[in-house]
Structures are given as C-alpha cells and as structure tokens.
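Heads up, the thing below is written out as structure tokens.
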Amino acid sequence: MAATGAESPRPEQGRSARRRVVAVVLAATVILLAAAVTITLLVAGPGGTPSATTSSGSLAPAPGTTGVSPSPTADTGPTADTEPTATTGRPTPLPPEPGPTASSPAPPATPGATAAPPLPPGLLGQDLTIIPGAGNNIALTFDAGANATGLDSILATLANRQVAGTFFLTGAWAASNPSGVARIVASGHRVGNHSMTHPAMTRLPEPAIAAEIRDAEAAIAAAGGDPRPLFRFPFGDRDERTINAVNSLGYVPVRWTVDTLGWKGTSGGMSRSGVAERVLGNLQPGGIILMHLGSNPDDGSTLDADALADVIDGIRAAGYGFVTLDRLQQL
C-alpha cells in the first residue's frame, strides 16, 4: 500500500542528531572560555594584576610601580613678618616656598666640643620675647647676616661702656667673617645661632631645619664660637612645629621685646635719635633689644651702631642694667 505522509525518522537518526547538537554547544563553550582567559591575561599584564585606566584611556601604573606623584597642595605659608631680615637689613617678604629637596645630613659634632647643658623645662615650647626673672636688666642683641660694616663701631662702643651683648650669627656670615667671630668672642660677648642661610623655617621639613642649625653651629664653632643653646628664627618666622624642632636640637628660640628699626636706614625714614627713642620708649624688665650689625643696603647707613652709645646711656639713666642671654641658662 502506498504511504499517505512523510516517513517517520528512525530512533537511531534522532539520537545521532542530538549528539551532534550537544557536541557543537560544548565546542562553542570551550572556545568562549578560551577567549575570555586570553583577554584577561592581556589586560592584567605581566604582574597579573589588572591595571586601571585613566580617564583618557591610557593605562595608569599598577600598584607598586613608579608613577607621577600628585602635586602637593600649595601652602600659603606664614604671614610675612614686619621685622627685618639679617640678610638684607630691611623687611622682605618670606621667600617662595621651596620644592621638596633632599636635605643634607647634619654634620658631625665639632671635635672636642662639649655637650650643651640641658634646657630649662620652663623655656621649652616658647620663642622668648623677654628674659623671665631678669629684674631691671636689659639684653642687647645684634643680628649678623649681611655684612660686617658696623662691627668695629659696635665692639668699640660696648667696650667703652663696659657692656656685653649677644650676637646672633648666620653660618654664612661666620664663614665669611671668621675673624669677626673671633673678635666678638674675644671681647667677652655671647654668640647665638641664626641658621646657616636665613630661610623661612616654617617652610622646611624637620631634616632641613636640623641641617640649617647644625651647619651654622659648625661654621660658628670653626671660627671659635659656641652658639648653643641660643637660636633666633630668621624673619621671626616660627610656629609650634619649628619651635619644637629647635628645642629638640638643644636650642632655646629667642625673639625680641623691641626692634630699633635702625635697619631701615635714613632712606627708610629712620635716624640715630629715632633708634634711641624706640628703645627708651619700650623699656621693661628683662627686655630684649633687637639691633643689626650690618649696614642698610640702599644708603649704607649704620644707625644701630651710630645710636648704640645713646641707647646704653639712656637705659642706664632709666635705672636698668645689662645682661647677656646666658641669663636664660640660670633659670
């Protein structure tokens, strides 16, 4: 009898078709898995850790590799002090903030130098503006960083009036004027540390602060002086961090009670009488007078040196005596 419809598939043919479909699916799965593994290895790179991409699509360094460090946030720094700089002899804005540089290591202790005595606990954490407990005594201090123009006159006046002063020297000044350091010390005066290069200390990291102080200490010691433990901040620029750093190096920061403004010179509207008037109008027990050893860079005047005799005579007439800053070590 003739068939009336399509022939039904045999059971063997159905099973064979299903096997072929399964084989195709398995092969496709293996291919996809292999492709995925290959892509992962290419993206991960040699270190095996996927690298992040930047917004521009370029690869950023993987963790642990060297890359460009982000720029530090700009520090506006402290407000410029209105007091003079020892370097220029006139008020100067704080210098631009230096970029991060490697600091030179602190030099070794000067051969034969004795250890500085421990600091009185009551003087720590301060930038002193008066000498505590000094009674009716005044300390004359002279900053030296620019030149030595007024040195002869100042030493002669101090000798003639039989007064001892304290000279804060930069290491650069000491290195350029070793005979000046020797004369100051031989005349019975005290020396202090005013840093090596007169930088704004609040803009320096601790290792650089240490290098500035130790380098100056070595330069002053090489000329025959010992500045320990007296330190004066360049520009009067300080904060809690830098004061603590100075203390940790065995130094007491000493500021001033009154600045004569003699550093302004005649071109800045000051005069010999004006210097004396500023001092005598601001006397107080334990007062610290700031004067400068160098000349004004614009007019060459040395008003502090010129007015020194009048200053000393006026202080004595007001009932005050004189001490050096060594008085601080007796507290």
Can you order the peptides 177-183, 139-145, 207-213 by their average number of other Cβ atoms within 10 Å per residue, highest first? 139-145, 207-213, 177-183
Pull up all non-local amide H partners of residue 291: gap of 5 or more, or a different chain, and H-to-H distance under 5 Å with H placed in the peptide plane. 141, 142, 143
Taking 7 Å along the Cα-to-C-beta vector as the label spot, tell me the residue 197-residue 313 distance in nanometres, rounded to one decimal. 4.4
Between residue 299 and residue 179, what is the label-to-label distance in nm when each label sits 7 Å out along the Cα-to-Cβ direction? 3.0
Between residue 156 and residue 124, what is the label-point separation in nm under the 7 Å Cα-to-beta-carbon projection? 4.7
Along the range 262-272, Karplus-curve 3J(HN,Hα) (6.51, -1.76, 1.60; θ = phi - 60°) to the nearest Hz, with x for Gly and Pro, reads x, 4, 5, x, 5, 6, x, x, 9, 8, 4
Mind ranking 229-236, 296-303 by how tightly packed they are, going by the mean number of other C-beta atoms within 10 angstrom, highest first? 229-236, 296-303
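Rounded to the nearest 0.05, what FRET efficiency do residue 273 and residue 164 give with R0 = 25 Å and r taken as the Cβ-Cβ distance? Could you check?
On the way: r = 25 Å, r/R0 = 1.00.
Given R0 = 25 Å and the Cβ-Cβ separation, E is 0.50.
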Pop out the ³J(HN,Hα) list for the range 181-195 in order, Karplus 6.51 cos²θ - 1.76 cosθ + 1.60 with θ = phi - 60°, rounded to Hz; leave Gly and Pro as x. 4, 4, 5, 4, 5, 5, 7, x, 9, 9, 10, x, 9, 10, 6
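Values in this text are rule-based calculations from the coordinates and carry no lab data. Everything numeric in this text was worked out from a predicted model, so none of it was measured. Virtual Cβ from ideal backbone geometry, glycine too; neighbours counted across all protein chains shown.
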